[in-house]
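Working notes, beginning with the structure itself.
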Amino acid sequence: EQRILVSASQLDHFLQPGDMRLALKPRDPHSHKGDNGRLLVVGGSSRYVGAPSLAALAALKVGVDLVTSAVPTSITSAVRSYSPDLIVVPLPAEGVLNLACIPTILREAQAADAVVVGMGMGQEEGTKAAVIDLINKLNETGKPIVIDADALKALGGVRKELTFKNAVLTPHSAEFLALTGNKLPDEEDVGWEGRLETVKRWAMCLNATVLLKSKYDIITDGQKFKIKTIGNAGMTAGGTGDVLAGIVGALMSRGASPFRSAVGASFLNSYAGDLLESEIGQHYSAEDLVSMLPRKKPRAMIIA
């Protein structure tokens, strides 16, 4: 059991195991391949091979039926090597995403229930232009999108034009600054309370759910909000945010709303981290985190 001390008025705003159960629908015993989610992951570059792979593997562990990774040609073999369960589509670009990749990605997106974009892409100008074009086109269709990492930075250049239809944004504080132009105060100084209104305001402005990653994640759609209190310092390891984005995409592909998906993913990602800490300490990797999904049912958390 984990004990968290909060006031009665705050109770509904803190993540609980039930938030994960609400986000992940039971599998229909009569369902067929693909009925439990088809997810497309778009990311990676010649420098960052693991990022899209971790997101895709995390989605599979959460229970998505089919995950396709669309990555630059130079890394397709490396991504395939992570698991025979991954479907890998080579994009017509050698090392980084560019505008020539967009038609291929859009064709793959038609068959997907949700799309995760951004991890490991890099920040070359051609990549930024391609990200903006891709997200605009996906957004026009209302396709559920998870926008992470380098894609968030790319969108900072067009922030005043952004209005999403069905999206979750997953920034840490530096990516939040790149996206919005607003520097958040240090959590150590002001706690999550001192950041909440700024994050809510931008979620409202962007018409999206924002999952601000920190010691205390803030998840808000501009009106509702939830705070994550579990997790540990081992989760600063590179790649854990890619795992989180994959979980969000998995839940969206299985039909959960953007807010519910972000809430459930925030809980599950940190819960897996806490299981690892209890077994091996805080010296674990993002690959270890994937392996822990979902190893054990969440235990009760006592609210006093």
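Here is how the numbers come out for the structure above:
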{"read-out": "Computed label-point distance, nm, for sites D28 and E188 using a 7 Å Cα→Cβ extension", "value": "5.1"}
{"read-out": "Percent accessible area from carbon and sulfur atoms, the chain, protein chains only, probe 1.4 Å", "value": "50"}
{"read-out": "Normalised contact order of segment 4-133, rounded percent, pairs of Cα under 8 Å and 6 or more residues apart", "value": "27"}
{"read-out": "Inter-part distance where segment 37-60 and segment 188-257 are each reduced to a Cα centre, Å", "value": "19"}
{"read-out": "Candidate lysines for bridging to K213, where Cα separation is under 20 Å - those fewer than 8 sequence places away on the same chain excluded", "value": "K153, K183, K200, K224, K226, K228"}
{"read-out": "GNM result for the chain, Cα springs below 10 Å: residue of A93, A167, A262 fluctuating most strongly", "value": "A93"}
{"read-out": "Mean Cα-pair separation over length for the chain, i.e. relative contact order, pairs under 8 Å, 6 or more apart, %", "value": "24"}
{"read-out": "Cα gyration tensor category, rounded, prolate or oblate, for segment 143-257 with a/c compared to 1.5", "value": "rounded"}
{"read-out": "Degrees separating the helix 258-280 axis from the principal Cα axis of the chain, which is the longest one", "value": "70"}
{"read-out": "Within segment 69-90, backbone nitrogen closer than 15 Å to the virtual label 7 Å beyond the Cα of S285 toward Cβ", "value": "79, 81-83"}
{"read-out": "Value of relative contact order over segment 215-273, rounded to a whole percent, pairs C-alpha under 8 Å and six or more apart", "value": "39"}
{"read-out": "Amide H contacts of G255 (H built 1.01 Å from N, under 5 Å, at least 5 apart or other chain)", "value": "none"}
{"read-out": "Selected from D35, D113, D65 as most flexible by GNM, with the chain as the system and alpha-carbon contacts under 10 Å", "value": "D35"}
{"read-out": "Dmax and Rg, reported as Rg then Dmax, of segment 72-173 (C-alpha, Å)", "value": "13.4, 42"}
{"read-out": "Among L39, L177, L24: highest mean-square fluctuation, GNM of the chain, C-alpha pairs under 10 Å", "value": "L177"}
{"read-out": "FRET efficiency, 1/(1 + (r/R0)^6) with R0 22 Å, evaluated for T236 and Q123 via beta carbons", "value": "0.55"}
{"read-out": "Whole-Hz couplings from phi, Karplus 6.51/-1.76/1.60, listed for segment 81-97; x for Gly and Pro", "value": "5, 5, 6, x, 7, 7, 8, 10, 10, x, 8, x, 8, 6, x, 9, 4"}
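The values are calculated or read from the model by the stated rules, or taken from the named source; none is laboratory data. Keep in mind that what you see is a predicted model, and the values were worked out from it rather than measured. Note that we place each Cβ from the backbone using ideal geometry, even for glycine, and neighbour counts take in every protein chain shown. Just the protein is used for accessible areas: all its heavy atoms, side chains included, with ligands, DNA and RNA removed. Shrake-Rupley method; radii C 1.70, N 1.55, O 1.52, S 1.80 Å.
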